[in-house]
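Accompanying notes for the structure given below.
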Amino acid sequence: MIIRFGYEIQYEFAQSTPVVAMLHVHPSRSSDIIRPDHLELTPFSTAYQYFDSFGNCCTRFIAPAGPVQLRADGLISDLGVPEMSAPFANEAPVQTLPTDSLTYLLGSRYCETEALMAFAWQRFGTVKPGWSRVQAVCDYVHSHIQFGYEFARVTKTALEVWKERRGVCRDYAHLAITLCRCLNIPARYCTGYLGDIGVPAMDAPMDFAGWFEAYLDGGWYTFDPRNNQRRIGRILMARGRDAADVAITTTFGPNVLKSFKVWTDEVNEWSQPTLGPATLPACA
């Protein structure tokens, strides 16, 4: 299938302000891109791109004072089938884990492993190790948290989510990540697009989604405690230790978010759009 995806985000800046944006599709999906998600900046601003330490594509620019719009509209090819499931995948002993996975066992800004260690082992220590244990964590988080955009808070951590039992998709992911790390299962935060393909449409504005990946049997597998089912058409943008590593924009000065639109839909026909004067290509 072909999926059209993109965003239109408008800010109001009080003064000239440095910005880092992390809005491109992840390089791991580059071979699936049909029409690149070129970043259109209005008004024009000189910008350049780089890869961060997690391999995500980032864009740096100076936003001028006043209104600034960020927009992209891309197309990507997708298999159109539910995400891979590996119910017999095993956990790897810590001593055999690849070195680059070890950072995803440690506590991080939003994932306080020390605070939830005792609970994690008490609740999941007797569950069959591997896929079954990660799925048990997702089942617990899915049922433990009440979803609501009104419960969002940029400072909310996994421990606070666990105590308050309310949150949005990133909170579900943070709690599940924390519990997996407590159980010696590497887990990393992911953000990107997730449309209503193959499921009933939600009666809510589209947004970027948060989920996580767990390391089992030598590979990383997608888990989504918010929706708790294998989905079709998920598009990865960025990975990191938690949401602090993958903010869609990091602004180094005062600003106001004026509007925010995201789209991701299966399409049958498409055409190449006319791009603006400040179009930036996706990371190569």
Work from the charge dipole of the chain (Cβ charges, +1 for Lys and Arg, -1 for Asp and Glu, about the Cα centre) and give the residue of 65, 216, 235 farthest towards its positive end.
216
Accessible area of region 1-47 belonging to carbon and sulfur atoms, whole % at 1.4 Å probe
52 percent
Rolling a 1.4 Å sphere over the protein heavy atoms, what is the accessible area per residue of the chain, to the nearest Å²?
46 Å²
Under 12 Å from a point 7 Å along the Cα-to-Cβ line of residue 46: which residues of region 60-81 have their amide N that close?
61-62
Where nothing but the Cβ of Lys and Arg (+1) and of Asp and Glu (-1) is charged, how large is the charge dipole of the chain around its Cα centre, in debye to the nearest 20?
520 debye
Cβ neighbours within 10 Å, averaged per peptide: list 240-247, 144-151 in order, most packed at the top.
240-247, 144-151
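Against the empirical 2.2 N^0.38 Å scaling, what ratio does the C-alpha Rg of region 144-201 come to?
The value comes to 1.23.
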Considering only DSSP beta bridges with both partners in the chain, what is the antiparallel share in %, to the nearest 5?
95 percent
Any idea how far apart residue 29 and residue 81 come out in nm if each label point goes 7 Å out from Cα toward Cβ?
1.9 nm
Under the Karplus relation 6.51 cos²θ - 1.76 cosθ + 1.60, θ = phi - 60°, what is the ordered set of whole-Hz ³J(HN,Hα) values for region 158-169, x standing for Gly and Pro?
4, 4, 5, 4, 4, 6, 7, 6, 8, x, 10, 4
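Take the Cα radius of gyration of the chain and divide it by 2.2 N^0.38 Å, with N its residue count; two decimals is plenty.
1.02
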The alpha-carbon center of region 18-55 and that of region 181-247 are separated, in whole Å, by 19 Å
Sorted on mean Cβ neighbours within 10 Å (highest first), peptides 160-172, 113-125 come out as 160-172, 113-125
Amide H neighbours of residue 166 under 5 Å, counting only residues 5+ apart in sequence or on other chains, H built in-plane at 1.01 Å?
146
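Name the shape class, rounded, prolate or oblate, that the alpha-carbon gyration tensor gives for region 101-161, where a ≥ b ≥ c are the square roots of its eigenvalues, rounded holds for a/c under 1.5, and otherwise prolate holds if a/b is larger than b/c and oblate otherwise.
oblate
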Shape of region 1-152 from its Cα gyration tensor (a ≥ b ≥ c, root eigenvalues): rounded if a/c is under 1.5, otherwise prolate when a/b > b/c, or oblate?
prolate
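The values are calculated or read from the model by the stated rules, or taken from the named source; none is laboratory data. These figures come from a predicted structure and were not determined experimentally. Glycine also receives a Cβ, built like all others from the backbone with ideal geometry; neighbour counts cover every protein chain displayed. These area figures cover heavy atoms from the full protein model, side chains too; ligands, DNA and RNA do not enter into them. Shrake-Rupley method; radii C 1.70, N 1.55, O 1.52, S 1.80 Å.
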